[in-house]
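Notes follow once the structure below has been shown.
The values are calculated or read from the model by the stated rules, or taken from the named source; none is laboratory data. Please read these numbers as outputs of a predicted model, since none were measured by experiment. Neighbour counts are summed over all protein chains in view; Cβ atoms, including those assigned to glycine, are modelled from backbone coordinates with ideal geometry.
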Amino acid sequence: MSQDWDIKPRGKECAACHLIFADRQAYYAHLQFGKEGYERADFCEACWAQEAQAQTNYSMWKGIYRLPPIEPDRTIKRETAETLLRQLIAENNPARRQVIYILCVMLERQRLLVEREVRSEPNGERLVVYEHRKTGESFVIADPQLKLTDLDQVQQEVLALLTGAPAESSETEGQPVESAPSSALV
Ligand SMILES: [Zn+2]
């Protein structure tokens, strides 16, 4: 079984004709789900017309290509939730699946992510595909089917991670302990 969540970047060029996307050009993203997870490819409009005729059963959406924005450093703090989400996805810890899901819902409300696709797996699992509005990356997230009774606890966990010391667990792992204990752990 592959991991429950993943991030795929938007292509910088058409997967068929390999022309580089121009700013504000329309693109078609399609997802193919297989045993090993899912594949993403992005097409220009002309190639998509041919592609769509040749194949069926695609998950797809149409978007507008935007040149990657240059982010000034001062925006980093505002994007703490996004940074935390990327970190947790990279860590791939199943114990964090509820936190990851809540972060996505949060970022969708903040209009940073947009829901593109909901997919029900044969085993009853529900996958949600979000697209990042600025970067065009697609995030595939397993819906943990949270119960209302769990919600408060998960939200507390998210809040603790957001206000605590992010990257603490991953960045310090495997490094020798310095002479003075870190006060951030208290
Ligand atoms: Zn093309």
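Things worth noting here:
- Scanning region 6-24 for residues that are of a type in the set (A, V, I, L, M, F, W, C), more than 8 Å from the ligand (Cβ to nearest atom) and surrounded by 13 or more Cβ atoms within 10 Å (Cβ to Cβ) yields a total of 2.
- Top-ranked residue of region 34-59 - restricted to ones that are surrounded by fewer than 17 Cβ atoms within 10 Å (Cβ to Cβ) and hydrophobic (A, V, I, L, M, F, W, C), ranked as modelled with the highest pLDDT: ALA46
- Set GLU115, GLU168: member being of a type in the set (Asp, Glu) and at pLDDT 85 or above: GLU115
Yes or no, residue by residue, for (1) within 11 Å of the chain's Cα centre (by Cα); (2) loosely packed, with under 13 Cβ neighbours inside 10 Å:
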| residue | (1), (2) |
| --- | --- |
| MET106 | no, no |
| VAL118 | no, yes |
| ASN123 | no, yes |
| GLU131 | yes, no |
| GLU137 | yes, no |
| ILE141 | yes, no |
| GLN145 | no, yes |
| LEU148 | no, yes |
| LEU151 | no, yes |
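- Considering (1) farther than 15 Å from LEU161 by Cβ; (2) surrounded by 19 or more Cβ atoms within 10 Å (Cβ to Cβ), the lone condition that LEU112 does not fulfil carries the number (2).
- Pairs meeting the criteria (first residue in region 22-34 and of a type in the set (S, T, N, Q), second residue surrounded by fewer than 13 Cβ atoms within 10 Å (Cβ to Cβ), beta carbons under 7 Å, at least 6 apart or on different chains) are GLN32/GLU39.
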